[in-house]
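The values are calculated or read from the model by the stated rules, or taken from the named source; none is laboratory data. Remember, predicted model here, so these are calculated numbers, not experimental data. So basically every Cβ, Gly included, is an ideal-geometry build from the backbone, and we count neighbours across all protein chains shown. The protein model used for the area step is the full one, side chains on, heavy atoms only, and it has no ligands, DNA or RNA in it. Shrake-Rupley method; radii C 1.70, N 1.55, O 1.52, S 1.80 Å.
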Amino acid sequence: MATIDTNIAAGRLISRKRFWSFGVPAMVVVYLAYVAVAFDLGGLAGRARLDNGALLMQDFWSYKIHVTRDNRRDEITSSIEGMRNATFSPEQRPDFVSDTATGTRVELPQGNSVEFGADGLVTLTTPDGSYQVRATRTGVESDIPNPPKNFNISDSRVTAYLPEGARLTVTRARTEVFRRQAGWELFFFDLSSEFYGKSWGELGALAVGPRIQPDQSNIGNMAHDFWTNGIWHHGDVAWAIFETILMAFLGTFAAGLISVPLAFLAASNFTPLAVVRQAVRRIFDLLRGVDALIWTVIMSRAFGPGPLTGSLAILLTDTGTFGKLFSEALENVDEKPIEGLRSTGAGSIARIRWAVIPQVAPVILSQLLYYFESNTRGATVIGAITGGGIGLLLMQAMQTQQDWEHVAYYILLIVLMVMVMDWVSGRLRARLIKG
Amino acid sequence: MTTVPADRIAAAYHAQLSRRRAYSTVLWAVFVALLVAGFDMANSRNAGGFVAGLPKVLDYPAALIGEAWDKIGNLPGHMLRALPALVETLNIAAASTLLGTMGGAVMALLATSGLAPFPRLVPVFRRILDIARAYPEMVIALVLIFVLGGGPVPAVIAIAFHTVGALGKLFSEVAENASMKPVEGLESVGASWLQRMWFGIVPQVAPNWASYAMLRFEINIRASAILGFVGAGGIGYELRNAISWGQGRYDAAAAIFLLLFGTIVFFDQLTSMARNRLVRGQEQGQAGGRI
Amino acid sequence: MRIEAEQITRIFGTATAVDAASFVIDRPMVVGIIGSSGAGKSTLLRMVNRLTDASAGRLMIDGRDVLALKGSDKRAWQADCAMIFQQFNLVPRLDVVSNVLHGLLNKRGLLPTLFNMWSRADIDRACQILDRLGIAEQATKRAEALSGGQQQRVAIARALMQDPKIILADEPIASLDPMNAQIVMDTLRRIHDEDGRTVIANLHTLDTARRYCDRVIGMRKGRIVFDGMPDQLTTGVARDIYGAGADFSEATTSTAIEPPAAADRAYADRLLAD
Amino acid sequence: MRIEAEQITRIFGTATAVDAASFVIDRPMVVGIIGSSGAGKSTLLRMVNRLTDASAGRLMIDGRDVLALKGSDKRAWQADCAMIFQQFNLVPRLDVVSNVLHGLLNKRGLLPTLFNMWSRADIDRACQILDRLGIAEQATKRAEALSGGQQQRVAIARALMQDPKIILADEPIASLDPMNAQIVMDTLRRIHDEDGRTVIANLHTLDTARRYCDRVIGMRKGRIVFDGMPDQLTTGVARDIYGAGADFSEATTSTAIEPPAAADRAYADRLLAD
Amino acid sequence: QDIKEFRIGVLGGENAQERMTNNECLAKHTQETLGVPVRIFTPADYDGVIQGLLGGTLDAAILGASGYAKAYLTDPESVEPVLVKTNLDGASDYFSVGFARKDSGIASMDDLKGKVLGFGDPNSTSGYLIPAVEMPKKGYSMEPGAFFKEIKFTGGHEQTIVAVNNGDIDAGVTWADGLGNWEDGYNSGALRKAVDAGIVDMNDMVEIWRSEPIPEGPLVVRKALPADVKAKFTDMMANLIKTDKDCTYGVAGGETAGFTPVKHDNYQSIIEARKLEEQRGS
Ligand SMILES: Nc1ncnc2c1ncn2[C@@H]1O[C@H](COP(=O)(O)OP(=O)(O)OP(=O)(O)O)[C@@H](O)[C@H]1O
Ligand SMILES: Nc1ncnc2c1ncn2[C@@H]1O[C@H](COP(=O)(O)OP(=O)(O)OP(=O)(O)O)[C@@H](O)[C@H]1O
Ligand SMILES: [Mg+2]
Ligand SMILES: [Mg+2]
């Protein structure tokens, strides 16, 4: 009877499906387990420096003011992030630094304070008690019998880690206090600007008020100071972003122009000659297989650092990619319209123009725009290697590990840039392909 | 016979044609102008000019290949030594593609209107995907290297994160085009959301999803090689060390490069074959349905 | 089982798709719902199955208002109330048996179903149902490889797998050629006759309603304008339901196969057999 | 114009698609070619248009062998000999007028056509032709947005734009529903009647051939097995052409619309009109 | 012949912005001296600058000693050293310093047996070349597995310090001027920058190795430049400390006594070392 056969066949079918629905997830799990072992995931948990992460997070949104005493010269300076070009002049001195009868006092959050006394003496006052440390010619003397956990003491250096990221360090050469403040100080105006330290209200008033410099309006002056900010370099950053987009633009679209004709040579329905086709295809493979990064290295000998080198690298890789994509699109074109035109006696160029191009144009255009967006991201990486654009700024800021707020700023800009490009390319795609 | 006379239509068409011609002429002109101006600017901001550099394009490859050729006997040894690094790179790519595909699939279903279990949150999930896609892998990798230390794990996380974004969007586009009929059919028998997705959507989208995931694997091999360049281990690291030392180690550079290139081309061909089969298999299935 | 619809209403934006529909079905029978396009037939059926939420009204099934159910109660009701669609709504890439087994999704646990852990008994039952509908041979084929009539029978098999109290069918034969339409309607009728299940079917042709139904409900612009025996459905009544003028001729909507010729009959039997 | 086919033959690998076909058409007429699938109808037509090269034989048009033409001569012949396809073979993404203007690609210079520089006169003519075929309203739409029957009429318009001596049509109505099929065949007939052009059409239904053609050629397995008046086409002859047995009934292949009812006629006219 | 513009490459160690800012004044002075536009380039790694010099797309740069050796060995006709930065004490050298975490129990090179040693950039003198040549002479072989378990490149001085601090590698080498005190990370060098940035606490670190003094890298100019351009530029740089002290600070990366002439022969030993390392590598 049919049912019995059916039952057996159906039973087999279901058990086969059951085997796969267990087998595939099991294989994935086994593989991931192998990778976890191979990558020493267990050891990583021990090595992970979450305090580094915390530091980074903190630095993303805050900055440090360093108050430093050169113990040899007995000279106290305050600066932002210890930068030479962000050192406060005496009249700009932060208000948590004050003179006392015996020295200079630095107020820190949560009731802590540090006082620089005479002869290298430093007094740290915390809600739990007061500690004294003295920097001498030969080392650091401290008399702290049971140092709390937040102290790191040797006879050449004493560090105390205080709440809210504050810190005190004493060595024989220098005594240094960090105080962390929220925000990106100097983001708008650096210390050399007349507009530094002014509130929004004051700036607003100044904008319409009488000119500070007779030859320039105050708004122009502000814009200029902002643009040439010596710490955040807004002008240069804007250029870098532009350069990154430029690299992506040139590379992508030039590659598109080059690869369209080449794609015809690689499509079996347009180039019957297998030798030519295979040769062109292998060239595409080579261009694509060598990553843009390697092309950058190769190109930089001939063209040196700069955006042109980056765009050439993108151009080379993308020619390979587009060549492959476009030739596939060409191989998939519907032959019917072509035959229709052939039957009217149209020549080959007319056939390509009127029966092939209208079919592949949407594919080509949407791929170009899609890659334009994705190359903007790629150009960030390439720029980091060949020296250009926002990628270089980011990479360097990260490697020197000093300016995490700049890193945060660059990351923000990059993500915004890519999202804008994504949006623009999406809009253009929708518009151009519809019309 | 007609309500609008033919010559009126002809006139309207003629006007439309001229407008279209003018429009596309302008578009092309703007495009070419942008390209030329852009090239000019890039050229002037580069250390070396395009024209001056062109004759020297082959200098570097020539030096590299020349040395590699002289020491051709060393190449197999170098390749053998780089093999573990290559395996690491491939593992990074595979693990991150797997994780990214799984994450992308879930995110895609959450971000597809019509399928999402929480329709109000669809825009939120879409934005999350946008952001995940916008982060260059390098940025995440560098930050993670700082926190987790160098090695493959930061690379896996970085690439997987980006893959979630990239695949999530593509997956959701595929899922949007999936027929809702099976889902409705399953809903009518009282199936829960997970069951509806698993039996109604996944079988429909599986070939396309798999095809995109494979394409992504191919891309991720390159990405993981690149991340090696900035310190995330694998073959990119070996390549960078050999290349940046320069003359004297070009044989090693060439060997590693050949290994990497071979691998990329191999997987490229493999996945494009597999993808062709997947997509063609699907078409055959549909044709079968029509007969 | 007693089905009691009280003032069921559905409003889409400003349009009232179903307007205070009330009826009582007090014993198992085959009910046909007719009406022109947009009359609200689909919406009514979808509200009964809870695919669409009602704006107002109650649907009392054995004394319980199923329109008020939520979450798993609602899904349990859906499992009791099978639905058959014009476009079959099968999973095209899956095989026929799996599609039929989907009728159990609500009754078996989540994990077993996700991993295809169907019991032997369930598979056997699915095959028996397929056999009963004459498509056992197709059991391991993909649903999309089947003809429309076969797919609709798979959908009916899925419905039967649910072991439902009611079977709702939304224009089950609208996508089918006359031959397959007849097979599907015969099948639905047989399910009522043999199992004693209630069948409510939206139909777009009068002659089908006359031939297969025990009772016909006519809808127009969301309201129920006719409820009676098939033989009360005169051309005059039909004109009212379809809002048509004097030139209304049934022929334009008819898809009936003329008094089954011997050859057609044989062909249908052959189709039913394999 | 005199068309003289002499022993035209086409061999694909080992299979002979068209086997020494000879016929003479000595005055403009509508010729139907019938035959079962694979009989070689399409191949014959494609050889005439030079889309497929002949393996042997000659096709003398006014004393010149067009099968021997090469390069631009060949293209000039193609321009004189328009072809209409079953699948329309239009460029789907382009607008209707552009598709019609493509009929001039051979007659206008390469550069102007590449850049879309059509003269006002050409556009006027294209629109007149569209008007004549009743689809002027669709002129600026994309071809893909049109119904099948409309698309086929665009294809005919492109053919007319070529101002051809002969129109070849390869199963022009096979993809169309009966209503559109009738419109298209009426159009082709009208073109012959009004312009006096020769039309050669492959047809897959006998009744269409009978109704529209002045002469019918029957092919079987590559050979011409019938050549005569439509009324000579008896069921016996048809059986020979189709190689069918005694159970052959025309009805199974017929798509004719039964003796045009007044309503259908009116509907067709309305369709033709807009 | 004439030049149309003059391009200066600046090596890493500071972020690209700082490098640009610090060298802006140099561009200005050079422009005044040579009368042609001057541009500054800041590639990401050592190799970027060296490739630029080799390819003729950069005209001058301050290289590391090893970087100069690389340029010389690749193409002896590419660049010539003209000046070198001189420290306040008149010397022109610095050190490569090996260091480890104090709590790792490593106090000397011998403790590193079977451990992981980290280098910076392969083109770095102190971060790779010198230790790679000097350590084996003391019996610490560079063959992976022989003495050290593994040798890793971190990519740069900063990464080395972070990697040691994180425990990714057991010990690393970096550069320091050797002046001042260990607890400050010396007066200048990569350690000092890391300390100032708050990345490491020198109390947690120990010094385990120190190289012989390493000659400061030279300011090189491209050999193919016209003689008068080379002369004018060299002259300008030699006098920079007198004409613009602040600028010298930025260009030299700290307090110095300015630039003094230097000859190719000064780097002979480094070149030999690099050659040696090259042979070992292949
Ligand atoms: N999801 C919806 N959103 C808005 N309006 C809807 C929706 N579903 C149905 N409608 C409207 O409700 C009315 C009734 O639709 P319904 O589909 O129930 O009619 P029907 O009788 O099934 O017609 P048909 O024979 O065409 O299937 C129609 O006017 C329809 O446009
Ligand atoms: N390009 C080709 N290559 C090989 N064989 C072909 C080709 N074109 C046609 N044939 C073969 O030639 C024979 C005649 O085909 P043709 O298309 O002319 O038949 P037809 O009468 O048009 O059939 P149909 O009604 O199916 O269109 C068939 O056997 C076909 O398989
Ligand atoms: Mg409906
Ligand atoms: Mg044919």
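At a glance:
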read-out: In the stretch D:83-105, residue farthest from A:Trp354 (Cα to Cα) [restricted to those that are crowded, with 24+ Cβ neighbours inside 10 Å and touching a His at 6+ places or on another chain (Cβ under 9 Å)]; value: D:Leu90
read-out: Answer from E:Asp110, E:Asp121 - the residue that is charged (D, E, K, R), farther than 18 Å from E:Gln279 by Cβ and surrounded by 22 or more Cβ atoms within 10 Å (Cβ to Cβ); value: E:Asp121
read-out: Failed item, numbered, when E:Leu117 is tested on (1) within 14 Å of chain A (Cβ to nearest Cβ); (2) under 21 Å from the mean Cα position of the chain (by Cα); (3) modelled with pLDDT of 90 or more; value: (1)
read-out: The listed residue being more than 26 Å from A:Tyr31 (Cα to Cα) and either modelled with pLDDT under 90 or within 13 Å of chain A (Cβ to nearest Cβ) (or both), out of B:Leu35, B:Leu121, B:Leu90, B:Leu98; value: B:Leu35
read-out: Residue count, the stretch A:44-77 (criterion: open to solvent by 30 Å² or more (accessible area, probe 1.4 Å) and outside any loop (DSSP other than H, G, I, E, B)); value: 15
read-out: Number of the exception - A:Ile349 against (1) at the interface with another protein chain (Cβ under 9 Å from one of its Cβ atoms); (2) within 26 Å of B:Leu170 (Cβ to Cβ); (3) among the β-branched types (Val, Ile, Thr); value: (2)
read-out: Number of the condition not met by B:Ile201 [criteria: (1) assigned to a helix (DSSP H, G or I); (2) open to solvent by 30 Å² or more (accessible area, probe 1.4 Å); (3) in contact (Cβ under 8 Å) with a residue 24 or more places away in the chain]; value: (2)
read-out: Qualifying residues in the stretch B:124-156 (those that are within 17 Å of the chain's Cα centre (by Cα) and under 21 Å from E:Ile169 (Cβ atoms)) - the one nearest to the other protein chains (Cβ to nearest Cβ); value: B:Val156
read-out: Tally, over the stretch D:159-187, of residues that are touching a strand residue (DSSP E or B) at 6+ places or on another chain (Cβ under 6 Å) and modelled with pLDDT of 90 or more; value: 8
read-out: Members of the stretch B:82-96 that are over 18 Å from B:Val265 (Cα atoms) and in contact (Cβ under 8 Å) with a residue 12 or more places away in the chain; value: B:Ala95, B:Ser96
read-out: Of all residues making up the stretch B:211-226, the number that are over 13 Å from A:Arg288 (Cα atoms) and open to solvent by 20 Å² or more (accessible area, probe 1.4 Å); value: 6
read-out: Enumeration of residues in the stretch C:78-93 that are more than 7 Å from chain B (Cβ to nearest Cβ) and either within 13 Å of ligand 3 (Cβ to nearest atom) or of a type in the set (Val, Ile, Thr) (or both); value: C:Ile84, C:Gln86
read-out: Residue in the stretch A:172-179 that is open to solvent by less than 70 Å² (accessible area, probe 1.4 Å), among the aliphatic types (A, V, I, L, M) and at pLDDT 80 or above present; value: yes
read-out: Residues located in the stretch D:47-77, provided they are open to solvent by less than 60 Å² (accessible area, probe 1.4 Å) and within 14 Å of another protein chain (Cβ to nearest Cβ); value: D:Met47, D:Val48, D:Asn49, D:Arg50, D:Leu51, D:Thr52, D:Val66, D:Leu69, D:Gly71, D:Lys74, D:Ala76, D:Trp77
read-out: Which listed residue is open to solvent by 20 Å² or more (accessible area, probe 1.4 Å) and touching a Phe, Trp or Tyr at 6+ places or on another chain (Cβ under 6 Å), from A:Phe242, A:Phe270; value: A:Phe270
read-out: Residue in the stretch D:2-18 that is under 25 Å from D:Thr234 (Cα atoms) and open to solvent by less than 50 Å² (accessible area, probe 1.4 Å) present; value: yes
read-out: A:Leu250 being open to solvent by 10 Å² or more (accessible area, probe 1.4 Å), under 23 Å from A:Asp422 (Cβ atoms), facing another protein chain (nearest Cβ under 8 Å) and in a helix (DSSP H, G or I); value: yes
read-out: Helices (runs of 4 or more DSSP H) completely within the stretch D:53-126 that count 2 or more residues being more than 29 Å from D:Asp26 (Cα to Cα); value: D:96-101, D:110-114
read-out: Those helices (runs of 4 or more DSSP H) lying entirely in the stretch D:132-217 with at least 1 residues closer than 25 Å to D:Ala79 by Cβ; value: D:148-161, D:178-195
read-out: Residue match in the stretch A:148-157 (condition: away from chain E (no Cβ under 11 Å) and crowded, with 18+ Cβ neighbours inside 10 Å); value: no
read-out: Verdict on A:Val24 being within 30 Å of B:Phe199 (Cβ to Cβ) and among the β-branched types (Val, Ile, Thr); value: yes
read-out: Residues (closer than 22 Å to C:Arg93 by Cβ, open to solvent by less than 10 Å² (accessible area, probe 1.4 Å) and hydrophobic (A, V, I, L, M, F, W, C)) located in the stretch C:143-197; value: C:Ala143, C:Leu146, C:Val154, C:Ala155, C:Ile156, C:Ala157, C:Ala159, C:Met161
read-out: Residue among B:Ala141, B:Ala52 that alone is in a helix (DSSP H, G or I), in the same structural domain as B:Gly168 (by TED's automatic domain parsing) and hydrophobic (A, V, I, L, M, F, W, C); value: B:Ala141
read-out: Residue list for the stretch A:350-387, restricted to those being within 34 Å of the chain's Cα centre (by Cα), among the basic types (Lys, Arg) and over 21 Å from A:Thr244 (Cβ atoms); value: none
read-out: Qualifying residues in the stretch D:21-46 (those that are surrounded by fewer than 21 Cβ atoms within 10 Å (Cβ to Cβ) and touching a Gly at 6+ places or on another chain (Cβ under 7 Å)) - the one modelled with the lowest pLDDT; value: D:Ser36
read-out: Members of the stretch B:44-65 found to be more than 10 Å from every other protein chain (Cβ to nearest Cβ) and touching a residue at least 60 places away in the same chain (Cβ under 8 Å), listed by number; value: B:Ile65
read-out: Boolean, E:Ala176 is more than 14 Å from chain A (Cβ to nearest Cβ), buried (at least 20 other Cβ atoms within 10 Å of the Cβ) and of a type outside the set (Ser, Thr, Tyr); value: yes
read-out: Out of C:Ser119, C:Ser36, C:Ser22, C:Ser42, sole residue that is among the hydroxyl-bearing types (Ser, Thr, Tyr), within 16 Å of ligand 1 (Cβ to nearest atom) and away from chain B (no Cβ under 14 Å); value: C:Ser36
